[in-house]
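The values are calculated or read from the model by the stated rules, or taken from the named source; none is laboratory data. For clarity, every value in this text was computed on a predicted model and none was experimentally measured. Here the Cβ is made from the backbone with ideal geometry for all residues, glycine too, and neighbour counts use every protein chain on show. The accessibility values were calculated without ligands, DNA or RNA, using every heavy atom of the protein model including side chains. Shrake-Rupley method; radii C 1.70, N 1.55, O 1.52, S 1.80 Å.
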Amino acid sequence: MTDSRKVLRLMEQAAARAQGDDPGDFADTAEEPAPRSEGVRYARERLHEASAFAEAGTTLPPGARLKPVKQAMLTFVRPVTSHQVPFNAQVLAAIEGLADEIERFTTDLSRQEQRALRLQAGIATTDLTVDDLNESVKQLGADIDEFAGSLQALSTTVADLGTAIEGARSEQAAGLAREVASLRSELQTVRAKQDLVFRAAREAMPGGFDVAQLGDLSRELTTGYEELYEDLEDTFRGTREHIMALAAEYVDDVRSVPGRAPVVDVGCGRGEWLEVLRDAGVDAYGVDINEVVVERCVARGLDVRAADALVHLREVPEGSVGAVTSFHVVEHLSLDTLVQLIDAALVALKPGGLLIFETPNPTNITVGAASFYIDPTHLKPLHPQFCQFLVLARGFAEAEVRYLHPENHPQLQPEDLAGADPDRARSVTDRINWAIFGPLDYAVVARKADARTGTETSSRDGASDHPT
């Protein structure tokens, strides 16, 4: 436990420093006894005088008269006064002890008074210091409030500046957008005039142009339509990132093909599927007759070849391809061309290889009756059951229909049909929901038989996956 005297000494020193004194001047003052008081001095003098008479009545003082008589009297009373000397000595000793205690008490009291005075001085100094601190804190609070006000004003100024900059930027962006729209319109006008010139020149060719020039002009006209079709895809097909995310679900399918063989993407378009396969480490290349898309894909580092897909598949070695894929192409083909494409793919695929067709889903009436015809090069919708039947009929061992990309719209609920039988209402609402809000696309995933694994012809009935 801390010695209270040391604590008091530290407090005294702190008070002395606050007063500007040197604490060393009185660091040991508490250890020095206070001056003896007059009362204590007087008591000690009287005790000293009384001690000389402590044996009075028991002995004769020197020079006493009638000494024999007094000696006889002392002898006579000695039994009565035999204990008087020790008693007197004890009384004097007790009084001496009390005097010592009184002296110590007086000394301690004096010291405590001195300490109390010093503590009072320290407390007074501390009060002054606390007052000064309070004033400093108040001033600091005022400074902080002033700074906060300045900061708020600065924030308001910055916000106003940001709003002004954003307004100027928006105005500038709007101006740029108007300029781009104007330039695009002028470009389209120039392209239209160019096509008119080329068409007029082609009509005049029989009388003055050779066959090579005719081919050059034909390519110019075809390229114009290819660019138009690419613009159409960019507008309605979706962003590259979106298409890549949708195509990524087929990676596991192509990886399931045994061995290593390339994937051939028929009508690769903008090459999203080829990018997905490249990122997944799968060997693949594309084939397309649109020279514009071929150039764009090659510029992005993709292996895309300008060729007719049907001719290309017939030229590759039999059984050398791991998978033939085609996204939103079969709806552009006549039935005869589609059958030939399926047959060529079957021959080109290795045992266990895959054929994947993805196409719009006409069982969604919004697709079959409306959005399908946004692309004027579409011939006709293909029903999923027919596509599944066709690949099986042409020799594939198994085929399944996968319905893809449902629309995110509120569904009709049975309770929405008031008064109807619950089971019947559920059946009706399921059909309506499928027809209106059903998947936008579907895929037929077919596999070539593999004699080594004993694959037999089988199918999953796509019609069982939906109520129509």
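Considered as a group, the residues in the stretch 281-306 that are under 24 Å from D253 (Cα atoms), assigned to a loop (DSSP other than H, G, I, E, B) and touching a residue at least 12 places away in the same chain (Cβ under 8 Å) include one that is least open to solvent (accessible area, probe 1.4 Å), and that residue is L302.
For T468, the test of being at pLDDT 75 or above, among the polar types (S, T, N, Q) and farther than 27 Å from G322 by Cβ is failed.
Of all the listed residues (R270, R260), the sole one being over 23 Å from D441 (Cβ atoms) and modelled with pLDDT under 95 is R260. The residue of the stretch 342-351 that is farthest from the chain's Cα centre (by Cα), among those that are open to solvent by 10 Å² or more (accessible area, probe 1.4 Å) and in contact (Cβ under 8 Å) with a residue 40 or more places away in the chain, is D343. Looking across the stretch 352-385, just one residue is of a type in the set (F, W, Y) and either in contact (Cβ under 8 Å) with a residue 60 or more places away in the chain or under 12 Å from A443 (Cα atoms) (or both), and that is F357. Identify the residue in the stretch 395-421 that is at pLDDT 70 or above and more than 30 Å from K448 (Cα to Cα) and, among all such residues, is surrounded by the most Cβ atoms within 10 Å (Cβ to Cβ). Among residues in the stretch 395-421 that are at pLDDT 70 or above and more than 30 Å from K448 (Cα to Cα), the one surrounded by the most Cβ atoms within 10 Å (Cβ to Cβ) is E407. Of all the criteria given as (1) open to solvent by 70 Å² or more (accessible area, probe 1.4 Å); (2) at pLDDT 80 or above, the one not satisfied by R118 is (1). The C-beta contact set for the stretch 259-279 (first residue more than 13 Å from L313 (Cβ to Cβ) and open to solvent by 10 Å² or more (accessible area, probe 1.4 Å), second residue assigned to a helix (DSSP H, G or I) and of a type in the set (K, R), distance under 9 angstrom, 6+ apart or interchain) comprises R270/R240; R270/R296; E272/R240; E275/R240.
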